[in-house]
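**Student:** Take this structure, written in structure tokens, and hold onto it; I'll ask about it next.
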């Protein structure tokens, strides 16, 4: 009788041990899968960061090449280049004077901060034809972007006063909010038209750099995610990117 009981205990003990091993094996498998997934995610993040750093490095190298005098440049040319980039008296003249008169003629008022826009233009190695097209775009836009931004700011302030002021009027709030929406819509439309013109003026490679730098330096709402950057690069590999021959905007 005792042997039977011992056998039963032994059988139960073996089953418990077996179940414990199965549970441990399953837990180890789950932990391995989780660790692998986390590792893959970290690797993807590292690769995305590396791609981002590579692009920034290329831009910096290109900027240094643009600022470095050529080996066969004469001493007079070198002195002229140094003078153009001199920082003496810059606090009195203003940052924008770092750029030449020709460069400043490319500024589109209201399209972000002017110095940042000019830094972006320097990275694009614009052709003479492209510069003419941008000047034509500047003439077409005029001060419309600036005027719309001022109008939008004022209408938003008026809406805030209407809502939080002493003389609250529901109809007035609806009227002013409609004005704000209308003005913001006009501004968004014109901003999109300007960016659309840049896409037609620039080559696909130039526009990729333009879009990236605009998001980083000029318009944060245009900042490209790593997925968008990969998609843009894939599109460029599939489609030839010849120099766009565009006539100046009318």
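Residue by residue, here is whether (1) crowded, with 16+ Cβ neighbours inside 10 Å; (2) at pLDDT 90 or above; (3) closer than 30 Å to residue 128 by Cα holds:
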{"site": "167", "(1), (2), (3)": "no, no, no"}
{"site": "176", "(1), (2), (3)": "yes, yes, no"}
{"site": "180", "(1), (2), (3)": "yes, yes, no"}
{"site": "185", "(1), (2), (3)": "no, yes, no"}
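**Student:** Next question. For the structure I just gave you, tell me whether residue 214 is surrounded by 16 or more Cβ atoms within 10 Å (Cβ to Cβ), modelled with pLDDT of 90 or more, closer than 21 Å to residue 55 by Cα and touching a helix residue (DSSP H, G or I) at 6+ places or on another chain (Cβ under 7 Å).
**Tutor:** Values: surrounded by 16 or more Cβ atoms within 10 Å (Cβ to Cβ): yes; modelled with pLDDT of 90 or more: no; closer than 21 Å to residue 55 by Cα: yes; touching a helix residue (DSSP H, G or I) at 6+ places or on another chain (Cβ under 7 Å): yes.
So residue 214 does not fit the description; no.
**Student:** Still on this model: Going by the structure shown, is residue 118 farther than 22 Å from residue 203 by Cα, assigned to a helix (DSSP H, G or I), under 21 Å from the mean Cα position of the chain (by Cα) and assigned by TED's automatic domain parsing to the domain that holds residue 218? Working first, answer last.
**Tutor:** Working: farther than 22 Å from residue 203 by Cα: no; assigned to a helix (DSSP H, G or I): yes; under 21 Å from the mean Cα position of the chain (by Cα): yes; assigned by TED's automatic domain parsing to the domain that holds residue 218: yes.
Judged against the criteria, residue 118 is not a match.
The values are calculated or read from the model by the stated rules, or taken from the named source; none is laboratory data. A quick note: this is a predicted structure, and the numbers were derived from the prediction, not measured. Cβ: placed from backbone, ideal geometry, glycine included. Neighbour counts: every protein chain shown.
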